[in-house]
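*Asks:* Okay, here's the structure, questions in a sec.
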Amino acid sequence: MLFSGTLEDNIKYGRPDAPREQVLDASVAANAHESIAKLPDGYATVVGERGTKLSGGQRQRIAIARAILKDPRILIFDEATSALDTQSERLMKNRTSFIIAHRLSTIQNADIILVMDQGRLAESGTHAGLLAKGGLYTKLHALQFKDQA
């Protein structure tokens, strides 16, 4: 969630006293820096209420930069898969992370996967363990990766 203000203010939301260098480092780690640098006003760009002047991917990357700067012990990603890549996934290392996703490639390396079906827990386990069970996760995996089989 972004608010009306500058990109820098949005990134510094959880740590308003953060030095500029750390803001830049967090933006680079979130793969947001290049797109910010291309804007006429850079980090001083006013994004509008809820970040309406940015694309969905840009908003997600700004939110990830904010999380990197804040360095919380727990992270919750709700369908943030379009912005999550191998660089930003390093943010999840050494902390508790909850990832709510429909795209299974995002969660394959999770320590534990909880498979929900109509609001109820259907299965739990590792990626390999769930595939071996042959249940709902296996069916979902087969649907998403049928072109690769």
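The values are calculated or read from the model by the stated rules, or taken from the named source; none is laboratory data. Note that this is a predicted model, so its numbers are computed, not measured. Neighbour counts run over all protein chains shown; Cβ positions are idealised from the backbone, glycine included.
*Asks:* In region 1-47, which helices (runs of 4 or more DSSP H) lie fully inside it and hold 2 or more residues that are in contact (Cβ under 8 Å) with a residue 40 or more places away in the chain?
*Replies:* 7-11, 20-29
*Asks:* Could I ask something else about it? In region 78-87, is there at least one residue being out of contact with any His (no Cβ under 7 Å at 6 or more places or on another chain) and at pLDDT 85 or above?
*Replies:* The answer is no, given that none of the residues of region 78-87 is out of contact with any His (no Cβ under 7 Å at 6 or more places or on another chain) and at pLDDT 85 or above.
*Asks:* Separate question: Filter region 19-39 down to the residues that are over 18 Å from LEU91 (Cα atoms) and either modelled with pLDDT under 90 or crowded, with 16+ Cβ neighbours inside 10 Å (or both) and list them by number.
*Replies:* Matches in region 19-39: SER35, ILE36, LEU39.
*Asks:* Quick check on region 100-113. Is at least one of its residues surrounded by 15 or more Cβ atoms within 10 Å (Cβ to Cβ), in a strand (DSSP E or B), at pLDDT 80 or above and not charged (D, E, K, R)?
*Replies:* Scanning region 100-113 turns up at least one residue that is surrounded by 15 or more Cβ atoms within 10 Å (Cβ to Cβ), in a strand (DSSP E or B), at pLDDT 80 or above and not charged (D, E, K, R).
*Asks:* I want to confirm something. Restricting to region 55-68 and keeping residues that are of a type outside the set (Lys, Arg) and in contact with a helix residue (DSSP H, G or I) (Cβ under 7 Å, 6 or more places away or on another chain), which single residue is modelled with the lowest pLDDT?
*Replies:* Among residues in region 55-68 that are of a type outside the set (Lys, Arg) and in contact with a helix residue (DSSP H, G or I) (Cβ under 7 Å, 6 or more places away or on another chain), the one modelled with the lowest pLDDT is GLN58.
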